[in-house]
Amino acid sequence: MAVLKLLDQNSKLIHDVAEIKRFMNERGIIFEQWEASRPLKTDDDQATILAAYDHALAPYMQKHGYLNADVINVHKDTPNIEELRAKFLAEHTHDEDEVRFFVDGEGEFFFHTDQVFSLLCQQGDFISVPKGYKHWFDLAPRYFVKAIRVFQTKEGWVARYTGSGTEKKYLA
């Protein structure tokens, strides 16, 4: 279940899914929750995972012009995990929407828009961050994220670091 944290408002926490969706959608960030069409096992392969969410994923991809989807599985035993984490901790933007659906595990997106807020995404949470949005991502403390990623082109998802340093005052 997602948790919205309003960092500039004494880290106010919001757990209500409808309120989270409204808050995110008002800022142009799509937030939804999806369920698999069939039970999944922890060792299911990419094709099985994508097929279990095809009922929601295919219409979304078609509506928004996405061409590719894959599944990432990052965990504590992933080689160079700390370097991978550090890569996404700096505030950045993309030339393409960043679309993620959390199959398992969790990760926290931080956003720098009209205010700074974060969204802890967990199993069942879908998020689409519009291109050009300033944000960063943390996979700690669990170091486990299994997610479907959706792309228009792989090249569009390159991180463009802002160099603002904003993230430093919000990361523990």
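The values are calculated or read from the model by the stated rules, or taken from the named source; none is laboratory data. These figures come from a predicted structure and were not determined experimentally. Backbone-built Cβ (ideal geometry, glycine too); neighbour counts: all protein chains shown. What goes into the accessible areas is simple: the full protein's heavy atoms, side chains included, and nothing from ligands, DNA or RNA. Shrake-Rupley method; radii C 1.70, N 1.55, O 1.52, S 1.80 Å.
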**Prompt:** Which of these, 70, 138, 104, has the largest mean-square fluctuation under a Gaussian network model of the chain (Cα springs below 10 Å)?
**Reply:** 70
**Complete:** Toy charge model, Lys and Arg Cβ at +1, Asp and Glu Cβ at -1: the chain dipole around Cα centroid in debye, rounded to 20, equals 280
**Fill in**
Over all directions, segment 1-64 yields a Cα convex hull whose mean projected area in nm² is 6.0
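Of all the C-alpha pairs in segment 25-120, what % are more than 20 Å from each other? Each step should come with its number before you reach the end.
Details: 2241 of 4560 pairs.
For segment 25-120, the share of Cα pairs beyond 20 Å comes to 49 percent.
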**Item:** In nm, spacing of pseudo-spin labels at residue 8 and residue 27 (7 Å Cα→C-beta vector)
**Value:** 0.9
**Request:** With a ≥ b ≥ c taken as the square roots of the eigenvalues of the C-alpha gyration tensor of the chain, please select rounded if a/c is under 1.5 and otherwise prolate if a/b is larger than b/c or oblate if it is not?
**Result:** rounded
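With the other protein chains left in place, how much accessible area per residue, in square angstrom, belongs to the chain at a 1.4 angstrom probe?
Working: 8760 Å² over 172 residues.
With the other protein chains kept in place, the chain gives 51 Å² per residue.
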**Label-point separation in nm, residue 48 to residue 113, each point 7 Å along Cα→Cβ** = 3.7
**Message:** Using amide H atoms built in the peptide plane, which far-off residues or other-chain residues are under 5 Å from residue 144 H to H?
**Reply:** 106
**Message:** Out of the total accessible area of the chain (probe 1.4 Å, heavy atoms of protein only), what percent is carbon and sulfur?
**Reply:** 51
**Request:** Specify the angular offset, from 0 to 90 degrees and rounded to the nearest 10, of the alpha carbon long axis of helix 17-26 from the longest principal axis of the alpha carbons in the chain.
**Result:** 70
**Prompt:** Comparing 56, 47, 86, which has the greatest mean-square fluctuation in the GNM of the chain with Cα pairs linked when under 10 Å apart?
**Reply:** 47
**Fill in**
Whole-Hz Karplus couplings 3J(HN,Hα) for segment 122-128, θ = phi - 60° and coefficients 6.51, -1.76, 1.60, Gly and Pro as x, run 9, 3, x, 8, 10, 9, 10
**Message:** List residues of segment 1-40, by number, whose backbone nitrogen lies under 14 Å from a label position 7 Å along Cα→C-beta of residue 169.
**Reply:** 7-11
